1. Of everything in region 178-217, what is under 22 Å from residue 108 (Cβ atoms) and either within 16 Å of the ligand (Cβ to nearest atom) or among the charged types (D, E, K, R) (or both)? Give them in sequence order.
2. Taking region 144-192 only, how many residues are charged (D, E, K, R) and closer than 11 Å to residue 127 by Cα?
3. So the check is Cβ under 9 Å with 6+ separation or different chains; which pairs have a first residue in region 46-63 that's over 16 Å from residue 9 (Cα atoms) and among the β-branched types (Val, Ile, Thr) and a second one that's within 16 Å of the ligand (Cβ to nearest atom) and in a loop (DSSP other than H, G, I, E, B)?
4. When residues of region 1-46 are filtered for being in contact with a strand residue (DSSP E or B) (Cβ under 8 Å, 6 or more places away or on another chain), assigned to a loop (DSSP other than H, G, I, E, B) and either of a type in the set (Phe, Trp, Tyr) or more than 12 Å from the ligand (Cβ to nearest atom) (or both), how many remain?
5. Kindly evaluate residue 77 against the criterion of being modelled with pLDDT of 95 or more and either under 17 Å from the mean Cα position of the chain (by Cα) or over 24 Å from residue 189 (Cβ atoms) (or both).
6. Every residue in region 117-126 that is closer than 15 Å to residue 154 by Cβ and under 19 Å from the mean Cα position of the chain (by Cα), please.
7. Kindly provide the set of residues from region 195-215 that are under 28 Å from residue 168 (Cα atoms) and either touching a strand residue (DSSP E or B) at 6+ places or on another chain (Cβ under 9 Å) or surrounded by 10 or more Cβ atoms within 10 Å (Cβ to Cβ) (or both), ordered by number.
Amino acid sequence: MQIFLDSAEPGLIAEHARTGLVDGVTTNPSLVAKAGGDFFEGLKAICAAVDGPVSAEVVAIDAATMVSEGKKLRAIADNIVVKLPLTFDGLKACAELADEGHPANVTLCFSVNQALLAAKAGAAFVSPFIGRLDDRGEDGLGLIQRIRQVYDEYGVETRILAASIRSLEHIEGSALAGADCATIPPNLFDAMVRHELTDKGLEAFLADWKASGREGL
Ligand code: E4P
């Protein structure tokens, strides 16, 4: 499963990209508003920092304007993916952009039916929102599983990008459910590497090494 960062903060993204473990980035208007700064300059910096798809979202709600906003976003860098909402206009814009070779990430997906439509519109990615489903007592990870099953059944190439991830369990669960990628807030990405037994184990190995009178290699 590929790991994307769910953030619009260029500095934070560049710092995490230096681990060599970040496969892409997703932004949305809320994350951009939180990050502040110039929208286009920020995206340019993110695209330069990460060698992989960077989703940038349109803010129009009609298909024609979504297409022209999408093209504006695509002019920022080759690795921009146009993020479009899962509405009939968003799907229409997706099909039009895909026909012209512009990849799209259809976002705000909450059902298998919506995922089927995104695939039909030629989306490169579909983003099911796990956390927001869980928030209202539904099964977010179950949705990933069901979309995987249907996409596999029909040989759909649209990639499942698990989004709205709130916990380490969501990350593991997405991988187990067969998501192609998961977009993860930077603080959870940091938490992925940590385990108290790793820390304890390392401490003991180094203490034993030192106690034997040895130094570095
Ligand atoms: C990513 O594409 C989404 O915009 C993001 O994961 C939404 O997460 P949230 O539900 O925590 O806002």
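The values are calculated or read from the model by the stated rules, or taken from the named source; none is laboratory data. These numbers were taken from a predicted model, which means no experiment stands behind them. Neighbour counts run over all protein chains shown; Cβ positions are idealised from the backbone, glycine included.
1. Narrowing region 178-217 to residues under 22 Å from residue 108 (Cβ atoms): 178-186, 188.
Selection gives 179, 180, 181, 182, 183, 184, 185, 186, 188.
2. Residues of region 144-192 charged (D, E, K, R): 146, 148, 152-153, 157, 159, 166, 169, 172, 180, 190.
From what is left, the residues that are closer than 11 Å to residue 127 by Cα are 159, 180.
Number satisfying all stated conditions: 2.
3. If the second residue must be within 16 Å of the ligand (Cβ to nearest atom) and in a loop (DSSP other than H, G, I, E, B), the pairs left are 61/87.
4. Within region 1-46, residues that are in contact with a strand residue (DSSP E or B) (Cβ under 8 Å, 6 or more places away or on another chain), assigned to a loop (DSSP other than H, G, I, E, B) and either of a type in the set (Phe, Trp, Tyr) or more than 12 Å from the ligand (Cβ to nearest atom) (or both) number 4.
5. Working: modelled with pLDDT of 95 or more: yes; either under 17 Å from the mean Cα position of the chain (by Cα) or over 24 Å from residue 189 (Cβ atoms) (or both): no.
No, not satisfied.
6. Restricting attention to region 117-126, the residues satisfying the condition of being closer than 15 Å to residue 154 by Cβ are 117-123, 126.
Scanning region 117-126 gives 118, 119, 122, 123, 126.
7. Taking region 195-215 first, the residues under 28 Å from residue 168 (Cα atoms) are 195-205.
195, 198, 199, 200, 201, 202, 203, 204, 205 - these are the residues of region 195-215 that are under 28 Å from residue 168 (Cα atoms) and either touching a strand residue (DSSP E or B) at 6+ places or on another chain (Cβ under 9 Å) or surrounded by 10 or more Cβ atoms within 10 Å (Cβ to Cβ) (or both).
Okay, residues lined up against (1) over 20 Å from the mean Cα position of the chain (by Cα); (2) more than 24 Å from residue 44 (Cβ to Cβ); (3) among the aromatic types (Phe, Trp, Tyr); (4) within 14 Å of the ligand (Cβ to nearest atom):
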position	(1), (2), (3), (4)
71	yes, no, no, no
83	no, no, no, yes
95	yes, yes, no, no
98	no, no, no, no
102	no, no, no, no
108	no, yes, no, yes
